[in-house]
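Enquirer: Once you've had a glance at the structure underneath, I'll fire off some questions.
Values quoted throughout were computed directly from the atomic coordinates according to the rules given, and no laboratory measurement underlies them. Source: prediction; values computed, not measured. All Cβ positions, glycine included, derive from the backbone under ideal geometry; neighbour counts span all protein chains shown.
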Amino acid sequence: MTTITAETAPRSSFREVWLISAGHMMTHWYPATFYLLLPLIGNELGLSFSQIGSILTCQFAAGALSNLPGGMLVDAIGRKGLLMAVALSWIGLPYLAMGFSHSYWMLLVCAALVGIGNNLWHPTAIPLLAQNHPERRGLVVSIHSMGGNLGDAVAPLAVGAMLTAFSWRDVVVMNVVPGVVASVLLLLLLGRGGGADLEEDGSRRVRRPARHAFAGVRLLLANRTVLMLSLGSAVRAMTAMTLLTFLPVFLANELGYSPAWVGGTLFALQAAGFAAAPVSGHLSDRMGRRNIIMTSMVMSGVVLLFMAFAGRSPAFALFVAFLGFFLFAIRAVLQAWLLDATPKQLGGTSIGILFGTQAVGSAIGPLIGGVIADHYGIIATFYYLAATIVVANMFILFTPTEGGKET
């Protein structure tokens, strides 16, 4: 295993961590905006719960199909600054196109394009950060995750306020500006290399033949730790995406919240995850990945049951922040554990596998949640969410203990 020496110290600057984390914030900004807009889009176009869920299903199904090829592409060619800029642009532009759409089928096409573009970001950014900071892997990956939480938290708050003065179509058009700015900054500051196109020992990156990439996929799929973590993360993603799809719908349609109040509630959900991410990442470096993940999942399941019992009472909203603290704190810990068990040269491919399986869960979850809501009422969806988090925890329980700081 290659050792990171003092000669490569310039690559480990925390400036790179903050810059990439800021870019990650924007990759989450657009989906977080869209969750808030979904009730308005659904009402304008007359969509059922199942159709609303199918939009997210289409997005994540496309991501599931493209994540693994995206990870292999990253490992094969490098150019991580360029790839991150391309990924961010590819996420933002389809959301802009949605603002001009009056067709359910056009929404599905745009959602699929977002799913394809989003797969380039995580296989590029996460292995780069973990490779450059091996002793603080849980922490730096958690800081990266905080960027996503910040985008998830601030976007609903900002867009909820904007919707008091503008239509949802106007908001979508204005929303493209910060993404373009972030893409340009990434391209200028990281696109020329900056260590992103070097190997672990500081030598210039050499492109690997395609057969090496496919051999790496076979190696990772034979790794039981990678497989179990990916499956557990996929079921956890079912929980998270179904929640983000139907929580705004429930707040708007059942509790009568205005867009600004819906945005504020989603802000509370994600702000709690933002606060918890560095704590969970640091503790996982010290106490082990499994302990942090299983504790957080158990608490997530308990809070989801309380939300279902609360129903349409005002107490429902009080549990939202507690759920965010536990449910969104463990994404980075799962990613760090996966990279603990992965050869460094296959980091992008392993993250591609993880996010590919997560995309499958994210695609299935909202569709099932929509069907349950149509047939049994939207409160039943929250019982379904509690069940999925229990299943996810079982995968973590039976993940092998060898090969890293997972115990």
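Enquirer: Could you give the distance between the Cα centres of segment 299-362 and segment 236-273, to the whole Å?
Expert: Segment 299-362 and segment 236-273 have Cα centres spaced 15 Å from each other.
Enquirer: Still on this structure, please answer the following. Mind checking the log10 I(q)/I(0) for the chain at q = 0.06, 0.07, 0.12, 0.13 Å⁻¹? Debye, one equal scatterer per Cα, no solvent, two decimals.
Expert: Log10 I(q)/I(0), no solvent term: -0.21, -0.29, -0.88, -1.05.
Enquirer: Filter the DSSP H helices in the chain by two things, a Kyte-Doolittle mean of at least 0.5 and an axial alpha-carbon span of 20 angstrom or more, and list the hits by number.
Expert: Details: long enough: 14-45 (45 Å, 0.53); 49-77 (41 Å, 1.03); 80-98 (28 Å, 1.45); 104-118 (21 Å, 1.72); 137-162 (37 Å, 0.92); 176-190 (21 Å, 2.85); 224-249 (38 Å, 1.30); 259-287 (41 Å, 0.59); 289-310 (32 Å, 1.40); 347-376 (42 Å, 0.91); 379-397 (29 Å, 1.93).
The answer, listed by residue number, is 14-45, 49-77, 80-98, 104-118, 137-162, 176-190, 224-249, 259-287, 289-310, 347-376, 379-397.
Enquirer: Residue separation times 0.36 nm, minus the C-alpha to C-alpha distance between F166 and N43: what's the value?
Expert: 42.6 nm
Enquirer: Counting Lys +1, Arg +1, Asp -1, Glu -1, what net charge surrounds S103 among other residues with beta carbon under 14 Å of its beta carbon?
Expert: Numbers: positive: R169; negative: E44.
Local charge sum for S103: 0.
Enquirer: How about segment 299-353: which trypsin sites (Lys or Arg not before Pro) there are in a DSSP loop, with at most 16 other Cβ atoms within 10 Å of their Cβ?
Expert: Here the trypsin sites (Lys or Arg not before Pro) that fit, given the DSSP loop and packing criteria, are R312.
Enquirer: Another question about this same structure. Quote the charge dipole size of the chain about the Cα centre in Debye, to the nearest 20; the model charges only the Cβ of Lys and Arg (+1) and of Asp and Glu (-1).
Expert: On the way: 23 positive and 17 negative charges, 147 e Å.
In total the dipole reaches around 700 debye.
Enquirer: Please compute the modelled spin-label separation between N291 and V180, points set 7 Å along Cα→Cβ, answer in nm with one decimal.
Expert: In this crude label model, V180 to N291 measures out at 5.0 nm.
Enquirer: I would also like to ask the following. Tell me the Kirkwood hydrodynamic radius of segment 300-407 in angstroms, computed as one over the mean inverse distance between distinct C-alpha pairs. Don't jump to the answer; show the numbers that get you there.
Expert: Working: mean 1/r = 0.0632 Å⁻¹.
The Cα-based Kirkwood calculation yields 15.8 Å.
Enquirer: Could you work out [θ]222 nm for the chain from helices alone, using -39500 (n - 2.57) per DSSP H run of at least four and dividing by all its residues? Round to the nearest 500 deg cm²/dmol. Provide the component values of the computation, followed by the final result.
Expert: On the way: 16 runs with 316 residues, N = 407.
The per-residue figure over the chain is -26500 deg cm²/dmol.
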